[in-house]
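Report on the structure given below.
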Amino acid sequence: MSSNIFSSGWTWLIPALSTALLIGAGIAGVGPFIAVLCGVGVIGAVFTAVYHAEVVAHRVGEPFGTLILAVSVTVIEVSLILSLMFAGGSDKAVLPRDTIYAAVMIICNGVVGVCILVGGLAHREQTFRVEGAGAGLAALIAMSALCLVLPAFTTTTAGGTYSRSQLVFVALASLSLWAVFVFIQTVRHRDYFLPEADPRNPEAHAEPPTKGETWASFGLLMVSLVSVVGLAKLLSPTIESAVESVGAPPAVIGVVIAMLVLLPETWAAVRAASADRLQTSMNLAIGSALASIGLTIPTVALAAMVLGFPLVLGLDPKDLVMLALTFLVSAVTLGTGRTQLMQGAVHLVIFAAFLLLALVP
């Protein structure tokens, strides 16, 4: 990987072009043609951001690598949510909820399902460390219940919202659980997130990048993230108009955002599963889902309280059922540390049902 940082022109050319496009579109405005270019620019910037995150991750090692990827993707997600909230104000009160719920469903069903299916087809049966996956799933269930389920049942405020004190508690609890998970993953029980076969050398990689290459990739990672946020903000009116024009529910906007930011991470996870590195896939999936709640909720909660935005977090009944089904099946899948085709098929069926119900509630 390190030899390609500078020799592969796209790794620096795409961030440069995306930044130029951001400046040009901001000056000239976003027409139909510019909107298409901005969409291409967002996708390109997302992929280069994750590529450079992988370069940095390769230098620091596993499981720090998957942590960097998860945090990078979550920074993109939070930035997109905040930019759309600032643009839409009170009309975007449910956007954080819809995006977080979509991210959890996409990761726990779509990403995990595809990884298990691809890994099963290529290697029949795969293994991962259940100690790490189980701890992550427990934290994810608790965080999801606090952030997405309980607001639908509290009585201090109505309409799926939290009072100020409740919102502060949930934000701090989510951030604390995520921080504890990161400590467990990187310090106290790092071995739980390494393959059982050889924890000291979990993956056979090329030579790590040099310190200079690592810092260059870190800088290009920051440029790519800025481009993603800026271009997405310019595209937000176009996305909303497209959703309205096809008669889709507003919740589809959250699904689009989540699918956009998770696309490159999905690719990385599937690639790892295909190479018989399901442990890396699980680290990516669980870590990203936890970061999606643990970092997004405190950020949007702070923004809502400071700026006075309404924030609706409680899910609708059908979404509560889908979330409960997802966690029930995930507990079975992650309970043995071994996977095969059937488990992947079940997760993908649930994912297909999620997509259908998002379009036809």
One finds, for Phe169 and Ala138 with R0 = 25 angstrom and r their Cβ-Cβ distance, a FRET efficiency to the nearest 0.05 of 0.85
Rg/Rh over Cα atoms for segment 259-336, Kirkwood Rh, comes to 1.07
Highest mean packing first, using Cβ neighbours within 10 angstrom, the peptides 70-77, 115-122, 177-184 sort as 70-77, 115-122, 177-184
At the level of C-alpha centres, the distance separating segment 133-169 and segment 251-284, in angstrom, is 25
For segment 4-359, the dipole about the Cα centre with charges only on Cβ (Lys and Arg +1, Asp and Glu -1), to the nearest 20 debye, works out at 300
Expressed to two decimals, the chain has a Cα Rg over Rh, using the Kirkwood radius, of 0.96
Stretched fully, the stretch from Met305 through Ala353 gains (0.36 nm per residue minus C-alpha distance, one decimal, in nm) 13.8 nm
The simple spin-label model distance between Val60 and Ala145, using points 7 Å out along Cα→Cβ, in nm, is 3.1
Partner lysines whose C-alpha sits under 27 Å from that of Lys318, ignoring same-chain residues fewer than 8 away, are Lys92
Rounded to the nearest 500, the 222 nm mean residue ellipticity computed for the chain from DSSP H runs (n ≥ 4, each -39500 (n - 2.57)) alone is -24500 deg cm²/dmol
Expected sort for 349-360, 153-164 on mean C-beta neighbours within 10 Å, highest first, is 349-360, 153-164
Expected sort for 229-236, 127-134 on mean C-beta neighbours within 10 Å, highest first, is 229-236, 127-134
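We did not get these values from a lab; they are worked out from the coordinates using the rules stated. Just so you know, these numbers come straight off a predicted model, no measurement behind them. All Cβ positions, even for glycine, are placed from backbone atoms using ideal geometry, and neighbour counts span all protein chains on display.
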